[in-house]
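Heads up, the thing below is written out as structure tokens.
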Amino acid sequence: MSEPAADDTTPVGTVHRLDDHRTARTTLVVDLAKTPTAPAPAPAPEVDEAPAGEAVDRPDNPLADWLALPDADVLPAWARSRASVVANVQAFGRLTWWHTRYHGLRTPKYLVKTILLAARGFFRAAAGLWPTLSAQDHSAAVKALRAQVKAKPEDVDLAVRLQMAHYARTQSRRWRFGAAAAAVTAAAIGIILAPPLLQAGIGAAVVTPLAYLGRGKETRLLDQAAPPLRVDMSAQQLNEALRAAGLLKTVAGKDESDLPKVSCTMGPVRDGRGWAVIFDMPRGGGKTASDVLAKREVIAQELGVDEIQVIMSRVRAAKGGNAGRVSMWVADDDPYLGPLNPSPLEKAEKFSIWDAVPFGQDARGNRVAVPVMWQSMFFGGLPRRGKTFSQRLLTAAGLLDAYVRHYVADGKGGADWKAMKAVAHRLVMGAEDDAIEALKAMLQELLAEMERRFALLRDLPTSVCPEGKLTPEIMVKYNLPVIFVTIDELQEYFTAMEREDREQVINDLCRVARRGPAAGFVSNFASQRPDAESVPPKLREIITIRYSTQVVDRTSSDMVLGKGKAAQGADASVLSEDHKGVGVLVTGPASFVTVRADYLDGTGFAALCAKGRALREAAGQLTGDAAGDVTAAADAAGLTVPAIVSDVLEVMRHAPRMFTTDLLAGLVNLDEDTYGDLNAERLASELENAGVKRTSKQVKISGANGAGYQRRDIEAAVPAEILLSTGR
């Protein structure tokens, strides 16, 4: 018979008396035995099958109390992990360096102070030695004899005794003063004749005891220095902050010592550049760890800091926590400002997309990596807050793996993703009509490839494909590279589409994000504030990993990170304009962290694209648009294509012909600084100087004639060897 289930309301730490459980079980067996319909229990063999815990806790075990050790960690909290030890060693080093500078600047003051204390010590020493040097121990006898002689001047014997006592006193004074003078003279001569280093040592040996003698009870040689802490924390301050936030009960007229308080299992202690504490909410108050996380702003205000400095999270049961345990770290200042963190990908030669991608650092400086396999990702936030830079980090990791095939679409059509033309199997730039058609075709290609892969994986034996998913071995053996689908500025496509096209594209994206991971598809989408019009919920809600830079309010934050995340503490609205490249990363239903993403600028990203092209050429994996891109091939071959030719080909990527007005608009969108003032006459002149010969100045598009350019005329200005290498 199994034991009764434990009551869910049993407090953590309650001691269960095993004897009571045994008695209850015995009584239950006896009661069943007395029932008429119950068969008599068979005698059990006398075998001690009690669990180890019960064997120790038996009442007849004399060592039970001694062996019942508490389940506590052996090491202190700061020494339980390498990262914590390193952080504390670094903090100790910073503290030591601060004290060195503080006291080093005050060395002249300490020298003057030491000399003054030594002078006072010399005076005190002299005052203490004076009775001995002046033979005051003989003075009492001389004074007594003088008094007697005055009373009896005729007593010759008294006069003789007085004379002898006076002589002894003066003789003792002379040799004592002489010995002292000789010692001082010898010391002075020795110091004068000694080498400088020895003089300093003798001087220190003389001055140090004199200074020590000259000190007073309130006199200190060194200033009492304490490094300035912008944030201070104690258990009392923590309780007061939680009480002000309404998380602890307040009873009017009740003494503070009798009020409910949190139980700190660690700290508050200094941890790096801040304070760390782990505490349990008191029972009986009805408040949980989730309630504490929801009051982050109020707690920060009560502690006198900004909420960006307060990092809180629940401590789950897997780490010894419970529903009321909170881990809090309060930084001395804003932990997300300071020098930029260069991405380690920038110097890497290769990378496996099957590994977690280095993404950034958290508030304490710990590295944060994002696993992208079997995942789909969504990036959101306000413009010019580093959203695209952060999104590019994950795509950049795929550049360094030759067995990653990139499908890229940029609704803005700017320069952020232009360098991907060297690598991307498919590249869609802009949200014009031709780009929208190219996006739709790209999605259809992706869906067809996904179904082809699932059919292939289903036919493989379980010994090769045990889980029905892509593996590194299958990827190489059957030439099924990981497919990285990157779409930036989704809202640009959705707002430019007709209703039917929009619904179809949304359904296609949902299929790719929902079913694609098992076939090796990685979705990487980004948009600005994703409302129901720009990015519908049915697409957002199937995304597994989300990242949001600064947004305007908690509602917008929840739109990116998920409903209710702001109440759990994952709130991107607390970020400010200064937090460029900083965002809240949600990796699971209860897992989130604020991350300062690594920095990878456009030049570095372009260099990775060139490196990725070389890797794919060596592995025979350069396919699609990248294989036929003339400008990318020219760059790889070290040949120069005029910038105007390269940019015009970029704008005309999806169209065999284009009107001049549309071409000018595309060039402005690509690089407004360069082409903002360009007109039709200047465009024709620059293209002619670059070697472009127009076969016709009029083009026909969708039945309409107008001034424009043919793509074939632009490509004709590219060196012939490049056209041959791309198969044109």
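Less than 5 angstrom separates the built amide H of residue 629 from none of the residues sequence-distant by 5 or more or on a different chain. Length gained on full extension, residue 183 to residue 259, computed as 0.36 nm times the residue gap minus the Cα-Cα distance: 20.4 nm.
If a/c stays under 1.5 just call it rounded; otherwise compare a/b with b/c (prolate if a/b is bigger, oblate if not). Do that for region 383-438, with a ≥ b ≥ c from the square roots of the Cα gyration tensor eigenvalues. Oblate, since a/c reaches 1.5 and b/c is not below a/b.
With an a/c value of 1.5 or above and a/b not larger than b/c for the gyration tensor axes a ≥ b ≥ c computed over the alpha-carbon atoms, region 280-375 is described as oblate. Full extension of the segment from residue 704 to residue 82, taken as 0.36 nm per residue of separation minus the current Cα-Cα distance, would add 216.9 nm. Were the residues from residue 356 through residue 518 laid out at 0.36 nm apart, the gain over their Cα-Cα distance would be 56.6 nm.
At a probe size of 1.4 Å, how large is the accessible area of residue 311, to the nearest 10 Å²? Residue 311 exposes around 50 Å² with every protein chain in place.
Here region 472-505 and region 106-130 have alpha carbon centers that stand 82 Å from each other. Do the alpha carbons of any pairs in 295/538; 295/565; 538/565; 347/477; 421/469 sit beyond 19 Å of each other, and which pairs? Exceeds cut-off: 295/538; 347/477; 421/469. Per residue, region 308-353 exposes an accessible area of 50 Å² to a 1.4 Å probe, with every protein chain left in place. Note on region 558-590 and region 354-387: Cα centroid distance 12 Å, given to the nearest whole angstrom.
Ranked by the mean number of other Cβ atoms within 10 Å of their residues, highest first, the peptides 195-206, 358-369 fall in the order 358-369, 195-206.
Can you compute the FRET efficiency between residue 215 and residue 130 using 1/(1 + (r/R0)^6), with r the Cβ-Cβ distance and R0 = 30 Å? Round to the nearest 0.05. With R0 = 30 Å, the Cβ-Cβ based efficiency is 0.90. Sorting the segments 349-355, 290-296 by their mean number of nearby beta carbons within 10 angstrom, highest to lowest, gives 290-296, 349-355. For region 458-475, backbone phi angles converted through the Karplus equation (6.51, -1.76, 1.60; θ = phi - 60°) give residue-by-residue couplings of 5, 7, 6, x, 5, 5, 9, 10, x, 9, x, 10, 5, 10, x, 5, 5, 4 Hz, Gly and Pro being listed as x. With R₀ set to 60 Å, the beta-carbon distance separating residue 623 from residue 111 gives a calculated FRET efficiency near 0.20.
Here r is the Cβ-Cβ distance between residue 297 and residue 694 and R0 is 60 Å; the resulting FRET efficiency, rounded to 0.05, is 0.45.
Under 5 Å between amide hydrogens, built in the peptide plane, is the criterion, and for residue 575 it picks out 551 among residues at least 5 positions away or on other chains. Scanning residues 5 or more positions from residue 265 or on other chains, those with amide H under 5 Å from its amide H are 278, 279, 280, with H placed 1.01 Å from N in the peptide plane. Ranked by the mean number of other Cβ atoms within 10 Å of their residues, highest first, the peptides 569-582, 672-685 come out as 569-582, 672-685. Note that region 537-549 has calculated 3J(HN,Hα) couplings of x, 5, 7, 5, 6, 9, 7, 8, 10, 10, 9, 10, 7 Hz, one per residue in order, obtained from phi through the Karplus relation 6.51 cos²θ - 1.76 cosθ + 1.60 (θ = phi - 60°); glycine and proline are x.
To the nearest 10, the accessible area of residue 594 is 20 Å² with a 1.4 Å probe. Share of carbon and sulfur in the accessible area of region 390-522 stands at 49%, probe radius 1.4 Å.
For region 437-525, chymotrypsin sites (Phe, Trp or Tyr not before Pro) are listed when DSSP marks them as loop and at most 15 other Cβ atoms sit within 10 Å of their Cβ; the list is 478.
Starting from region 570-649, pick out the chymotrypsin sites (Phe, Trp or Tyr not before Pro) whose DSSP state is loop and whose Cβ has at most 12 other Cβ atoms within 10 Å. Nothing satisfies the criteria. Based on protein heavy atoms only, region 517-670 ends up with 35 Å² per residue of surface accessible to a 1.4 Å probe. Extending 7 Å from Cα along the Cβ direction at residue 139 and again at residue 341 yields two label points whose distance is 7.7 nm.
Taking 7 Å steps out from each Cα toward its Cβ at residue 100 and residue 640 produces label points 5.2 nm apart.
The values are calculated or read from the model by the stated rules, or taken from the named source; none is laboratory data. Keep in mind it's a predicted model, so treat the numbers as computed, not measured. Backbone-built Cβ (ideal geometry, glycine too); neighbour counts: all protein chains shown. The accessibility values were calculated without ligands, DNA or RNA, using every heavy atom of the protein model including side chains. Shrake-Rupley method; radii C 1.70, N 1.55, O 1.52, S 1.80 Å.
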